[in-house]
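**Student:** Here it is, the structure in full.
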Amino acid sequence: MALGGGTMTGEALIIIALLVPTIGAGLIWLTAWNPNVREATTLVTAGTLFAIVVAILGRVLNGEDLATGTWPIAPGLELGFRVEPLGMLFACVASGLWIVNSIYSIGYMRGNKEPRQTQFYMCFAIALASTIGIAFAANLFTLFLFYEVLTLSTYPLVTHKGDENAKAGGRVYLLVLLGTSTVLLLPAIIATALIAGTLDFMPGGILTGKADKATLMILLAMFMFGIGKAALMPFHRWLPAAMVAPTPVSALLHAVAVVKAGVFTVTKVVLYIFGIELLASTGANEWLIWVAAASLLLGSLVAMTKDNLKARLAYSTVSQLAYVVLGAALATSWGVIGGAMHIAMHAFGKITLFFCAGAIYTAAHKTEVSELSGLGRTMPFTFAAFLIGALSIIGLPPFGGLWSKWYLALGALQAGQIVIVAVLMISSLLNIAYLLPIPIKAFFGQASGRKSSGIKEAPLPCLIAIGLTSLGCLILFFFPDGILNLLSRIQVQ
Amino acid sequence: MISEHLPALQVVVPLLGAVVCAFFTRGDRAWFVALVVSLAMPFIAFGLLLKVLHGGPISYALGGWAPPFGIEYRVDILNAYVLVLVSVIGAVIMPYAKRSVEHEIEADKQAWFYTIYLLCLCGLLGIAITGDAFNAFVFMEVSSLATYALIAMGRDRRALLAAYQYLIMGTIGATFYVIGVGLLYSMTGTLNLADMANRIAGIENSRAVLAALAFLTVGISLKLALFPLHVWLPNAYAYAPSMATVFLSATATKVAVYLLLRYFFTVFGVTVIYADLPISEIFLLLSLAAMFGASIVAVFQQNVKRMLAYSSVAQIGYITLGIAIANKTGLTGGIVHLFNHALMKAALFMAIGAIFYRIGSVKIDDLAGIGKRMPMTAGAFVVAGLSLIGVPGTVGFISKWYLGLGAFQQGWWWLVMLIVLSSVISIIYVGRVVEVIWFRDVAPASRRAKDPPLSMLLPMLLLTAATIYFGFDTVLTAGIAELAAEWLLAGVR
Amino acid sequence: MELLHTIVSHYNHWIIIFLMVSGLYIVVARGNMVKKLVGLGLFQTSVYLLYLSPGKILGGTPPILSPDFTVYSNPLPHVLILTAIVVGVATLALGLALVVRINEAFGSIEEDEIFGGDEDE
């Protein structure tokens, strides 16, 4: 495939994929003296990373098994990477959207004259490197290391503004994410290692026949709540708190990389540590279905009460993440595919919405939903894109969001959970209720206060990025086969 | 030729160095002598370690008097490891020492300070290398007397009280040790440890031998600050000059632990320790008391040096826990923690020493916001602090992993949980300091502080980097610790 | 009777134990820093005796080779204790030096007075 990937070994490709953003971060630091060169470096790094990920994708679709050697650390602990379909999808989404997001960032950061832009781009690159590490990790230990690096590298991004508000948000962010991961996730990993004797992700799980139902339930609970990035209620507080970050951060990290790293880990744990067979046969997953459903509905309900646009989107994300957790919790093959697909579908929809929120902030300096009335007539492009993103999130044709919800519903039926199908329906209605009024009022509402004449569309790079992601939502509706093809390679047994 | 005499050189060189130092009146010249001597020590230690790894234990007859009548220096895998530990720490802190000592010790006493330091180094290395029970006592007193003097040179007048208190308790400990040796001598008629081990066979359970074991255990436990015999330690570490604290926290207690291991496993033997006597149970209780009691006390300290000192008591609990777990994996954990704890605690005390160098205080309130003024130092503190907690990717995790695995192999699930729980307490006391130094506004006292000079910064960063490096590459640390544990448990005398 | 004999014939041990315990008691019970050091010295001295007394062998002579004697006392304990005495003197000297400095710094050598003042902060 691309970049002469045909001659390289799989191991080399994986390592290069990890190194490119890391080295990119260094180069960004070195080129800090000239913003143009620095931003070009970011774009080139993002492009290179995506090309390599695509090359890996080509190998995976050819049926190749890509893995690195392992580096032993202590008995039962090792570092290692292996590409499997789920991680492949996650890496593609994250690295692909990084390019778009970098374009957007240039417009946003310059448009708002943000300080410390070098640090911003560097941390972004490191965050992406850890995301790739999470996506390709071959065992829980490796995944955990990159999971923590991701938390730490995004902290400076969350507190980028540097004011009291940002610091308070950053505190909650660190406290919840580090707290859950060290107090719940890490002990869960240790317990798993001791019970199973390994931490490798294996098709069908590693716990079969090694633990009774009670142990499994406790472990599952420790994992699900310990993976704080999945924002399962009641550990969702960090996500709204993180909205103090500049919008590109909210867009890529808190709609895509960080939160998806969370639900990705959830899915991986369910698939390759527990195994859906084991969960379905013991019923240890039963409670999780209901917790996810509750998180799903509550997130939407809270979102309706929020007037701040980004806060509303954040709670919407909490709710949408619960879809993925739900998909994993159903422990059926369609459920897993639906959940995994939602990682991609929601990513495109939500990043579009965040981009629009950022564009509105940059162009009109408005942050509250109630202020947007009539703004659609001065910023038609932005609000059209917002509408597309909203429709995709709701799950209406002709946008990609439809498919993931479709498969999730199939998964619920497969598991015999009719109530869950109803929950999915209600949730879609709630989505309509809190998302659609925004573009409708913007287009048809009365412009509030005096005529805001100076407002026009956001800077061009922002618009390009918005255009690309909303186009993505559309394309994903017509061509979901690619993702389905990839995900059907997930080995359940 | 010279390599034959390495065991003697290991002790004689610092002794002669101390004599040379005493002739200088200028601190910087004495420092230079101490630097040269300290830098030479790791070469000798590594030379011995390599020889032992390739050719088995080395026996060196001091002065040409053949053992068991003459004093034998006996180097095996365990004490070669301890020699490397002590000499490496001794070498790394010397560049750091110069500025720190110039800042904290009056000019006319600096040469004496280095003299005493070299004597202390000589004593510690001597305890580790000698194969003679009484010779070990002499070296113990050489190092202890030097330690009392080092502590008394602290600027705070309470340093004098701490030194006096330690002198009383340390002398009682050393005297207990001599009583134990005396009883053993009267039973076996020899002072050579290897010879003693042979002759003790058959009379292990006689009352005099058991009394000797009791005296030795209590005496050495005082030196290694086993809970509840630790009361001397917090004040001593808190008020000693920074450089002395760094050195002592990293080495002194470790050497005492070594001596305990030597008596337990090679002189009395595994059967006496584990099968005939409840040593395992006693150490388990005391270790847990240390891990929890001292950690909880650490949480409430206002003086950061004192807090770290209490944390040392807790960490010693982990080391002795390795003895209590009584299997190879657990013992490996204890032994590897000797090294790992030395690295992280030295780095932490160096960081706090550097802060003292700049702002003249180690009270937690005065440290507010220091991270913004001394980012490298505060960063090193955070990384080493993470290691103290035992976050994966740091040395602290490796030690705890082995301990946990060892406990699990014994079927002690509850102990695994307690290890995790005690780590949570360390999150609190480390987190508290991190919170203050990074997230508070800069305190007035530290407005103009900045990172210390390179001579202080580099050793600190070197050790901090080592806490990460040895968190991944465990061949040298855990590998050798495992060999040593295997050797000890095999009962080879 | 036999018990009495055992007790009496081990009189050296009784002396040692008495010195040891009274030394330790003084260290623990006294608040005066010099007195504490005296107790410490007493405690150490008892150990010297612990080493020396079994070294003497009944009917033994100083260990100088001579055809007239076959039984010798063990010289090694004396050598060891010579070292230990040196160590003890050094400890005492350092301890007293510290007490002098403490007296200069705090104006007292009574523990309760010093610790009553500024314990902790």
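A short reminder: the numbers here are calculations on the coordinates, not readings from a lab. Keep in mind that this is a model prediction, so the values were computed, not measured. Ideal geometry is used to build each Cβ from the backbone, glycine not excepted, and the neighbour counts take in all protein chains shown.
**Student:** Would you mind giving the mean number of other chain beta-carbons within 10 Å of the Cβ of each residue in B:391-402, as a whole number? Each step should come with its number before you reach the end.
**Tutor:** Numbers: counts 7, 13, 8, 0, 0, 0, 6, 3, 1, 1, 8, 2.
Mean shielding by partner chains, rounded to a whole number: 4.
**Student:** To make sure I understand the rule: partners must be aspartates and glutamates, Cα under 18 Å from the Cα of residue B:98, and not fewer than 8 residues away in the same chain. Which ones qualify?
**Tutor:** Those aspartates and glutamates meeting the cut-off are B:28, B:106, B:108, B:451.
**Student:** Let me ask something additional. Going 7 Å from the Cα of residue C:12 toward and past its Cβ, which residues in region B:175-197 have a backbone nitrogen under 19 Å from where you end up?
**Tutor:** B:178-191
**Student:** Assigning unit charges at the beta carbon (Lys, Arg +1; Asp, Glu -1) and nothing else, what dipole magnitude in debye, to the nearest 20, does region B:203-336 show about its Cα centre?
**Tutor:** Working: 7 positive and 3 negative charges, 67 e Å.
In total the dipole reaches around 320 debye.
**Student:** Here is a further query. Estimate the FRET efficiency between residue B:5 and residue A:19 by the formula 1/(1 + (r/R0)^6), using the beta-carbon distance for r and 45 Å for R0, to the nearest 0.05.
**Tutor:** Details: r = 48 Å, r/R0 = 1.07.
E(calc), rounded to 0.05, equals 0.40.
**Student:** Taking amide H positions as placed in the peptide plane 1.01 Å from N, state which residues far from residue A:366 in sequence (5 or more) or on other chains have amide H under 5 Å from it.
**Tutor:** Under 5 Å from the amide H of residue A:366 lie the amide H atoms of A:361, each far enough along the sequence or on another chain.
**Student:** Taking amide H positions as placed in the peptide plane 1.01 Å from N, state which residues far from residue A:139 in sequence (5 or more) or on other chains have amide H under 5 Å from it.
**Tutor:** Placed amide hydrogens put A:80, A:201 under 5 Å from residue A:139.
**Student:** Still on this model: Using a Förster radius of 22 Å, what is the FRET efficiency between residue A:304 and residue A:165 based on their Cβ-Cβ separation? Nearest 0.05, please.
**Tutor:** Details: r = 24 Å, r/R0 = 1.07.
Once rounded, the FRET efficiency stands at 0.40.
**Student:** So, in nm, how far is label residue B:23 from label residue C:1 when the simple model puts each one 7 Å beyond its Cα toward the Cβ?
**Tutor:** Each label point is offset 7 Å from its Cα along the Cβ direction, giving 7.2 nm.
**Student:** Rounded, prolate or oblate for region C:2-117? Axes are the square roots of the Cα gyration tensor eigenvalues, ordered a ≥ b ≥ c, and the cut-off for rounded is a/c under 1.5. List each step's numbers first, then the result.
**Tutor:** Values: a/c = 7.25, a/b = 2.02, b/c = 3.58.
Oblate.
**Student:** Residue B:108 to residue A:40: FRET efficiency via 1/(1 + (r/R0)^6), r the Cβ-Cβ distance, R0 60 Å, to the nearest 0.05?
**Tutor:** Numbers: r = 61 Å, r/R0 = 1.01.
With R0 = 60 Å, the Cβ-Cβ based efficiency is 0.50.
**Student:** Through the Karplus equation 6.51 cos²θ - 1.76 cosθ + 1.60, θ set to phi - 60°, convert the phi angles of region A:313-327 into ³J(HN,Hα) values in whole Hz; use x for Gly and Pro.
**Tutor:** These are the phi-based 3J(HN,Hα) values: 5, 5, 5, 4, 4, 3, 5, 5, 5, 4, 4, 5, 4, 4, x Hz.
**Student:** Exceeding 23 Å between C-alpha atoms, which entries from my cross-link table qualify? They are B:254/B:400; B:254/B:345; B:254/C:35. Write out the running numbers ahead of the final one.
**Tutor:** Details: B:254/B:400 17 Å; B:254/B:345 12 Å; B:254/C:35 32 Å.
Where the Cα-Cα span goes over 23 Å, the pairs concerned are B:254/C:35.
**Student:** Output the peptides A:204-215, A:296-307 sorted from most to least packed, where packing is the average of other Cβ atoms within 10 Å over each peptide's residues. Show your work: numbers first, answer last.
**Tutor:** On the way: A:204-215: 15.0, A:296-307: 18.6.
Descending packing order for the listed peptides: A:296-307, A:204-215.
**Student:** Which entries of A:113/A:310; A:161/A:456; A:161/B:363; A:306/A:441 have Cα-Cα distances beyond 23 Å here? Can you show the working numbers first?
**Tutor:** Values: A:113/A:310 20 Å; A:161/A:456 25 Å; A:161/B:363 30 Å; A:306/A:441 16 Å.
Beyond 23 Å between Cα atoms: A:161/A:456; A:161/B:363.
**Student:** Would you mind working out the magnitude of the charge dipole of the protein assembly as shown relative to its Cα centre, with +1 at each Lys and Arg C-beta and -1 at each Asp and Glu C-beta, to the nearest 20 Debye?
**Tutor:** Values: 62 positive and 53 negative charges, 570 e Å.
It comes to approximately 2740 debye.
**Student:** Something else now. Residue B:326's amide H: which non-local residues (gap 5+, or another chain) put their own amide H closer than 5 Å, with H modeled 1.01 Å from N in plane and none for Pro or chain starts?
**Tutor:** For residue B:326, whose amide H was placed from the backbone, the distant partners under 5 Å are B:331.
**Student:** About its Cα centre, what dipole magnitude does region A:2-487 give when the only charges are +1 on Lys and Arg Cβ and -1 on Asp and Glu Cβ, stated in debye to the nearest 20? Present the calculation step by step, with values, prior to reporting the outcome.
**Tutor:** Details: 26 positive and 19 negative charges, 287 e Å.
Result for region A:2-487 is approximately 1380 debye, rounded to the nearest 20.
**Student:** Please list the helices of chain B that count as membrane-span-like by this rule: a mean Kyte-Doolittle hydropathy of at least 0.0 together with Cα atoms stretching 30 Å or more along the helix axis, each helix being a complete DSSP H run.
**Tutor:** Working: long enough: B:27-55 (41 Å, 1.45); B:77-104 (39 Å, 1.04); B:158-188 (44 Å, 1.19); B:304-325 (31 Å, 1.08); B:328-359 (46 Å, 1.00); B:413-439 (37 Å, 1.97).
Those that clear 30 Å and a mean of 0.0 are B:27-55, B:77-104, B:158-188, B:304-325, B:328-359, B:413-439.
**Student:** To continue, here is another question. Hey, got the average number of other protein chain Cβ atoms within 10 angstrom for residues in C:77-88?
**Tutor:** Values: counts 3, 0, 1, 10, 2, 0, 5, 8, 0, 2, 11, 4.
That average works out to 4.
**Student:** Right, next: Could you let me know the centre-to-centre spacing of region A:265-315 and region B:385-450, using Cα atoms, in angstrom?
**Tutor:** The distance from the Cα centre of region A:265-315 to that of region B:385-450 comes to 30 Å.
**Student:** Now a separate question. Label residue C:21 and residue B:439 with points 7 Å out from Cα along Cα→Cβ: what is the distance between them in nm?
**Tutor:** In this crude spin-label approximation the distance works out to 5.7 nm.
**Student:** Taking each residue of B:159-171 in turn, how many C-beta atoms of other protein chains fall within 10 Å of its C-beta, and what is the average? Numbers along the way, then the final one.
**Tutor:** Values: counts 3, 11, 8, 0, 6, 12, 3, 1, 9, 10, 1, 1, 12.
For peptide B:159-171, the averaged partner shielding equals 6.
**Student:** Taking the alpha-carbon centroid of each part, what is the distance from region A:42-82 to region A:422-436 in angstrom?
**Tutor:** Spelled out, the Cα-based centre of one part sits 38 Å from the other.
**Student:** Report the label-to-label distance for residue B:458 and residue C:83 in nanometres (one decimal), using points 7 Å from each Cα along the Cα→Cβ vector.
**Tutor:** 4.0 nm
**Student:** Another question, then. Could you work out how far the C-alpha centroid of region C:8-79 sits from that of region B:66-80, in angstrom?
**Tutor:** 28 Å
**Student:** Given the Cα-Cα distance of residue B:211 and residue B:16 and 0.36 nm per residue of separation, how much length would full extension add, in nm? Intermediate values should be presented prior to the final figure.
**Tutor:** On the way: separation 195, 0.36 × 195 = 70.20 nm, distance 3.77 nm.
Separation in residues times 0.36 nm, less the Cα-Cα distance, equals 66.4 nm.
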